Amino acid sequence: MPESKKKLVFLGVGQVARALADQAAGEFRLFGTTRSAERAAVIRTLGIEPIVIEGFGNGPSVSASAVLEALVDGAHVVVSFPPATESEVSASRLAADADRIVYISSTVVYGKAQGVINEGTAVDGESLQSQNRIEAERKWLEVGASVIRAPGIYGRGNGLHQRLLSGTYRLPGDGSNYVSRIHVDDLSAMILSALLLNQKQKIFLSGDSKPTTHREIVEWLVKRLNLPFPASMPLEQCHYTQRGNRKVDASKSLAELGIVLKYPTYAEGYTRELEAAKSSS
C-alpha cells in the first residue's frame, strides 16, 4: 500500500468503522484499535491493520502509548468507543497531534427533551448517560475534534428487524413515542465528509428525514417479515434509549456536509436490509 496515502485511524472498530472502511479503503491506509487479540484477525479481513491495546482507561502501557502517538500523528482519526472519563482523557491526549478528528456521539445528550431536535437544541445534562456523553464531547472538542451526534444506528445486518426475528423485542409503552434513526452507510458518509472538510470543534447532527413512532416502524416490519405484532413493555422498564420522544431534524448538518441520504427513510433502509438478509440465507 503506498506510504503517500493518508492514515485513517479508528479508535474502536465497530459497526461504524466497518462501514466507513469500505468507503475509505481506496483513499487511506486504515488502522484500528482493539482490546482483543482474537479480533485482530477479523479486523484485518476488513482491510484495517489492527492495533491491539488493553484499553485507554488509566492510559495504555508506555509502549502502546508510543505506538499510538506515532500512529495518530498527522492522521485522520475516528473515535467511536463508549464514553468513559479515563479513556477520553488518555485517548484525546494521545490524539492531540492528529491532523483531524471526528468523535461519534449520541443524541442521548438531549436527555428528556421532546419534540423536534435540531442543531440549536440545548443539551440536557440531567441523566448520567447524557452527562457522560457531554463530558466525552468536551474532551474531544478541546483537541479540535468535530462531533457527530447520532440517533439509533442500523444497517449492514444490524437493526430492529433482527430483534423482531429473534423474539426479544418489546414495544416501548404504547409505541406512540417518536424515534429517529440513521443508516450506518449514511452516517459513514457524514463522517468522511466531516473529515475532509476539517471543520474543527464543530458539532453536527445526524438522522434520516422521517422520524416515526415505534409502532409505525414495527407495523411496517412485521408485515414484511410475516411476524405477529410483539408484546409491549412499560416505558419505565425499557432501556433509556427507547424512552425518548424526539424527532431529529438533521437537515442543516446534512446540507453543510453536502450529504444526500442514500436511505432517507426507514422504508429504503430496511428494504435494503431485508433484501440483503434474504439473499444471504
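Values in this text are rule-based calculations from the coordinates and carry no lab data. From a predicted model like this one, the values you see are computed outputs, not experimental measurements. Virtual Cβ from ideal backbone geometry, glycine too; neighbours counted across all protein chains shown.
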(request) List the lysines whose Cα lies under 16 Å from the Cα of Lys223, skipping any in the same chain that are fewer than 8 positions away. (result) Lys278
(message) Nearest 10 degrees is fine. How inclined is helix 15-24 to the longest principal axis of the chain, computing both from alpha carbons?
(response) 60 degrees
(message) Report for the chain the percent antiparallel among DSSP-assigned beta bridges with both residues inside it, nearest 5.
(response) 10 percent
(request) Take the alpha carbon atoms of region 75-140, find their center, do the same for region 156-170, and report the distance between the two centers in whole angstrom. (result) 27 Å
(message) Only bridges whose two residues both fall in region 130-274 count here: according to DSSP, what percent of them are antiparallel, nearest 5?
(response) 25 percent
(message) Just to confirm the number: angle between the C-alpha axis of helix 128-142 and the first principal axis of the chain, 0 to 90 degrees, nearest 10?
(response) 40 degrees
(message) Beyond a 27 Å Cα-Cα separation, which of these cross-linked pairs lie in this structure: Lys139/Lys252; Lys112/Lys139; Lys139/Lys262?
(response) Lys139/Lys262
(request) Please work out the FRET efficiency for the pair Gln199 and Ala277, using the Cβ-Cβ distance as r and a Förster radius of 45 Å; give the result to the nearest 0.05. (result) 0.75
(request) Collect residues whose amide H, placed 1.01 Å from N in the peptide plane, falls under 5 Å from the amide H of Arg149; neighbours closer than 5 in sequence don't count. (result) Ser105, Phe204, Leu205, Ser206
